[in-house]
Amino acid sequence: MFGDMMGKLQEAQRKMEETKERLKTISMVEESSNGKVKITITADRQIKDIHIDDSLLEDAEELSDNLVLTLNKAIEKATAVNESEMQGAASGMMNMPGMDQLFGK
């Protein structure tokens, strides 16, 4: 029994690690409402690219506002994908006898 549970735990840990690696390959693009800033971010919340329209280079305040808003939206979107993927990977652990009590479910 204990060996079986250890095997299941190791399998769950392997799935979590695979999910973490997969998150690095999931990219998404967030765009400012005016389309002048585009952020490419991965699901593990790594910024991969920032495209800024040349017209924003003349107005530092507008550029800053666009960057902050768009970066925050991109991070929020990446976090939602990250949490969803990690919950999916962790769901296997919750199906093991006694694990729901361990994690307070």
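The values are calculated or read from the model by the stated rules, or taken from the named source; none is laboratory data. Note that the coordinates shown come from a computational prediction; the quantities given were computed from them, not determined experimentally. Cβ: placed from backbone, ideal geometry, glycine included. Neighbour counts: every protein chain shown.
Contact map, region 64-91: first residue assigned to a helix (DSSP H, G or I), second residue among the small types (Gly, Ala, Ser), Cβ cut-off under 6 Å, separation 6 or more or different chains; pairs are Asn66/Ser32; Thr70/Ser32; Ala78/Ala43; Val81/Ala43; Asn82/Ala43.
Annotation: of all residues in region 74-92 being buried (at least 17 other Cβ atoms within 10 Å of the Cβ) and not small (Gly, Ala, Ser), the one that is farthest from Ile39 (Cα to Cα) is Glu85. Looking only at residues of region 1-30 that are outside any helix (DSSP H, G or I) and within 17 Å of the chain's Cα centre (by Cα), we find that the one that is surrounded by the fewest Cβ atoms within 10 Å (Cβ to Cβ) is Thr25. With respect to being closer than 29 Å to Ala89 by Cβ, polar (S, T, N, Q), surrounded by fewer than 16 Cβ atoms within 10 Å (Cβ to Cβ) and at pLDDT 95 or above, Gln46 fits the description.
Sub-8 Å Cβ pairs linking a first residue in region 17-38 that is closer than 15 Å to Glu62 by Cβ to a second residue that is among the basic types (Lys, Arg), at least 6 apart or interchain, are Ser32/Lys38, ordered by first then second residue. Criterion first (within 19 Å of the chain's Cα centre (by Cα), surrounded by 15 or more Cβ atoms within 10 Å (Cβ to Cβ), modelled with pLDDT of 95 or more and not aromatic (Phe, Trp, Tyr)) does Thr70 satisfy it? So Thr70 fits the description; yes.
Being among the hydroxyl-bearing types (Ser, Thr, Tyr) and assigned to a loop (DSSP other than H, G, I, E, B) is the filter here, so list the residues in region 31-60 that pass it. Selection gives Ser32, Ser33.
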